[in-house]
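Where a number appears in this text, it was derived from the coordinates with a stated rule and is not lab data. This is a predicted model, so every value here is computed, not measured. So basically every Cβ, Gly included, is an ideal-geometry build from the backbone, and we count neighbours across all protein chains shown.
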Amino acid sequence: MHLAVLASSNSWYLKDLRRAAADRHRIDQLPFDVLRSRLCGESISVATGDANLADASAVLVRTMPPGSLEQVVFRMDALACVEAAGTAVINSPRAIETAVDKYLALARLQAAGLPIPSTVVCQSADDAMEALADLGGDCVVKPLFGGEGRGICRVSDPDLAFRTFKALLHVNAVIYLQQYIDHVGSDQRLFVLGGDVYGMRRRNASDWRTNISRGAVGEPLIVTDALAEIARRAARAVGAEIAGVDLLDGKDGRRWVLEVNAVPGWKSLAETLNVDVAARVLNYLESRVEA
């Protein structure tokens, strides 16, 4: 299999895939920032550097670098053209667009009948203050785009909340407010790979945020049929074949689906479960190419 991986040259995941591939597969690293497309006559090509993406058996998206609206839209459109021409792109551009947008992803999860925390997205400080009160006066503020717990804060003091909202509006951000779930100090990260689901519990004794990047520790998790079904439904809701699904159990016994990541990491998962996740990702991609 010839796999084109859209990733930075120093990506740990690129190196892990190459380790797992050994001599079985050819893996090329391709950057997003020099992606280009040529439309001529009846043909269309999408390339980056000297590589034409159509020459690969499959394209694996392992990064979503920041860029202007024009750059991001072009990158997704170009990948959609590669996909339409018959090359497997995983995850699909539409799945990535959906998952990277927390509001859209949450709306898809809600439409799929999955339990989500009450959330308000607005564009004025007055609306945000009203939402803060409606959501119980204790909320989590998240960036619409982003992951690994970056940019997330918890607000309950009205004065500090108002300053936070005004600061966000100053940089032309929308305000994404989500009810704070009083939880047990851990969440569940489920890694969906086609029909398979792997899981770990992320426990943090010193921070309400349970991301590994915030100091949480991974623990093996038995993935029950119920957990696997929730994870698969969440991945299907955004159209992702490979996904990281975050679940949070409240102290009241209710379980919530927080978000879906369409470019999920597996470093901590592999270490926690002692499983060669990269090898299983390659096996899945190989099965997709051969299908």
Q) Using the Karplus equation 6.51 cos²θ - 1.76 cosθ + 1.60 (θ = phi - 60°), what ³J(HN,Hα) coupling, rounded to whole Hz, does each residue of the stretch 113-121 give in order, writing x for Gly and Pro? A) x, 8, x, 10, x, 4, 9, 10, 10
Q) Considering the dipole of the chain built from charges on the beta carbon (Lys and Arg +1, Asp and Glu -1) around the Cα centre, which of G67, Y198, I44 is farthest to its positive end? A) Y198
Q) What ranking do 282-290, 174-182 get when scored by the average of other Cβ atoms within 10 Å per residue, highest first? A) 174-182, 282-290
Q) Among D246, D16, which comes first, then next, by fewest other beta-carbon atoms within 10 Å? A) D16, D246
Q. Relative contact order for the stretch 182-290 using alpha-carbon pairs under 8 Å, separation at least 6, rounded to a whole percent?
A. 27
Q: Just the number, please: percent antiparallel of the DSSP beta bridges in the chain, rounded to the nearest 5.
A: 80
Q.
Give me the Å³ per residue figure for the convex hull around the C-alpha atoms of the stretch 119-179.
A. 69
Q.
What is the angle, in °, between the Cα long axis of helix 225-238 and the longest principal axis of the Cα atoms in the chain? Nearest 10 is fine, range 0 to 90.
A. 70
Q.
Counting only helical runs of four or more DSSP H residues, what would the 222 nm mean residue ellipticity of the chain come to if each run contributes -39,500 (n - 2.57) and the total is spread over all its residues?
A. -10500 deg cm²/dmol
Q: Classify the stretch 33-143 as rounded, prolate or oblate, taking a ≥ b ≥ c as the square roots of the eigenvalues of its Cα gyration tensor: rounded when a/c is under 1.5, otherwise prolate if a/b is larger than b/c and oblate if not.
A: prolate
Q | Proximal lysines to K166, defined as alpha-carbon separation beneath 19 angstrom and excluding residues fewer than eight positions away on the same chain | A | K142
**Q.** Segment K15-M1, extension gain: residue separation times 0.36 nm, minus the distance between their alpha carbons
**A.** 3.4 nm
Q. Could you give the nm distance between label points at C40 and V174, where each point is 7 Å from its Cα heading toward the beta carbon?
A. 4.0
Q.
Through the Karplus equation 6.51 cos²θ - 1.76 cosθ + 1.60, θ set to phi - 60°, convert the phi angles of the stretch 29-44 into ³J(HN,Hα) values in whole Hz; use x for Gly and Pro.
A. 8, 10, x, 6, 6, 10, 4, 9, 9, 10, 10, 8, x, 9, 9, 9
Q) When the dipole is taken about the Cα centre of the chain, and only Lys, Arg (+1) and Asp, Glu (-1) are charged at their Cβ, what size is it in debye, to the nearest 20? A) 460
Q. Quick one: D28, D127, fewest Cβ neighbours within 10 Å first, how do they rank?
A. D127, D28
(Q) Considering only C-alpha atoms, what is the centroid distance from the stretch 31-52 to the stretch 1-26, in Å? (A) 21
Q: Mind pulling the angle between the C-alpha long axis of helix 102-111 and the longest principal axis of the chain? Nearest 10 degrees, somewhere in 0 to 90.
A: 90
Q: State the Cα centre-to-centre distance between the stretch 112-126 and the stretch 62-82 in whole Å.
A: 26
Q. Using the Cα gyration tensor of the stretch 2-90, with a ≥ b ≥ c the square roots of its eigenvalues, what is the shape: rounded (a/c below 1.5), prolate (a/b larger than b/c) or oblate (neither)?
A. oblate
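I'd like the FRET efficiency for D182 and F162, computed as 1/(1 + (r/R0)^6) with the beta carbon distance as r and R0 of 25 Å, rounded to 0.05.
Numbers: r = 24 Å, r/R0 = 0.94.
It comes to 0.60.
So for H2, H170, fewest C-beta neighbours within 10 Å to most, what's the order?
H170, H2
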(Q) Between the stretch 247-285 and the stretch 187-205, what is the separation of their alpha carbon centroids in Å? (A) 3
Q | Between 0 and 90°, nearest 10: helix 125-134 axis offset from the chain longest Cα axis | A | 70
